[in-house]
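Accompanying notes for the structure given below.
The values are calculated or read from the model by the stated rules, or taken from the named source; none is laboratory data. All of these numbers come straight from a predicted model, not from anything done at the bench. For neighbour counting, all protein chains shown are included, and Cβ atoms are generated from backbone atoms with ideal geometry for every residue, glycine included. Protein only, heavy atoms only, side chains kept; ligands, DNA and RNA dropped before computing areas. Shrake-Rupley method; radii C 1.70, N 1.55, O 1.52, S 1.80 Å.
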Amino acid sequence: MSELVTSLDRIELLRTFIRIVDAGSLSAAAAQLNTTQPTVSRRLQTLERSLGLQLLNRTTHGMQLTGDGERCYTYARQVLESWTEMEDELIGAREDPRGTLRVQVPHAFGQDQLIAPLGEYLRRYPKVSVEWVLHDRSPDFTAEGIDCAIQVGFIEDPSVVAIRLGEVPRIVVAAPELLGDEPLPASTEQLQRLPWLALRTYYTDEVVLTCLRDGRSHRFAIQPRMSTDSLYALRSAALAGLGACVSSAWIVARDIEEGRLVQLIPQWQAAPLPVYLIYPHARSYPAKLRLFAELIRSRMPNLVGLRAAGAEGAQPGSRQ
């Protein structure tokens, strides 16, 4: 249609045209639309001018569809049916969770701790499917079609909503074989003399620990025997006795409990890492995203090895 359509939207013009044909006259269509006959006539004329076609032959005895009018009527019904289906689907998706939710999660978390709340979400909302994308980097919401992401570490992007879910305690661990017959280290200075492993995402050649009793910090340089960007690889290397490491508490909790690893100088720990749920700003959000956010906020602090954040939520771009 041309730019002649200015005051009335195209959908309304098509809807009026269909009503005229179905009602059999302009006056009957006007009564059904609760408007006046001149208004209905004006809408029909606007539609015809926009298309550059005559749709109806009007005489004193009545009206009849032209050939173009018959084709327009067929297309108009298809358009309005599609429009109604779209409205029903989009409004329904806003109120009733359905469709596909694309979530980016960290590799280790996404393969382990987050599977339980994911399973609960899928069982609760059977019309939703989830694409579970494993990445440790920041998400590209637009390019990759990501609906939301769970991210470990501080959020620097001011363009996203960032909800703080909890935090991950980080502790120093090693295999008993690494220590041999030597007693457990009793100070950070003794700790420094051990062989070390590094998790490049958070530390490479320096370890910073804080005393839980008084808040004192101690930092020391390391020359790691192995460095990796995988938390699972770090754990495996520690289990093999290759070195001590700073690890997320949740991934080594069972190993410590069963004696495969030992926590070294428990009163000294690395700074905990915050965990956020993030998603782009929008005027409204579909039910599938809103309900996922609600469930994940309630379940995350209860996962093994995590603890509740100091604040329930953070402002977009916050470094809480």
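Brief remarks follow.
- Residues of the range 261-287 that turn out to be in contact with a Ser or Thr (Cβ under 8 Å, 6 or more places away or on another chain) and among the charged types (D, E, K, R), as a count: 0
- Candidates in the range 138-149 are the residues that are surrounded by 15 or more Cβ atoms within 10 Å (Cβ to Cβ) and out of contact with any helix residue (DSSP H, G or I) (no Cβ under 7 Å at 6 or more places or on another chain); of these, the one that is modelled with the highest pLDDT is A149.
- Taking the criterion of being closer than 20 Å to L212 by Cα and of a type in the set (D, E, K, R), the only residue of the range 173-196 that qualifies is E189.
- Which numbered condition A270 misses (of (1) open to solvent by 20 Å² or more (accessible area, probe 1.4 Å); (2) among the small types (G, A, S); (3) in contact with a strand residue (DSSP E or B) (Cβ under 7 Å, 6 or more places away or on another chain); (4) closer than 29 Å to V160 by Cβ): (1)
- Residue match in the range 259-272 (condition: touching a residue at least 60 places away in the same chain (Cβ under 8 Å) and within 25 Å of the chain's Cα centre (by Cα)): yes
- Only one entry in E131, E70 is in a helix (DSSP H, G or I), open to solvent by 70 Å² or more (accessible area, probe 1.4 Å), modelled with pLDDT of 90 or more and of a type in the set (D, E), namely E70.
- The helices (runs of 4 or more DSSP H) found entirely in the range 158-275 that carry 2 or more residues being under 30 Å from F141 (Cα atoms) and either in contact with a Cys (Cβ under 8 Å, 6 or more places away or on another chain) or at pLDDT below 95 (or both) are 231-239, 249-257.
- The range 7-62 - residue that is open to solvent by 50 Å² or more (accessible area, probe 1.4 Å) and hydroxyl-bearing (S, T, Y) and, of those, modelled with the highest pLDDT: T36
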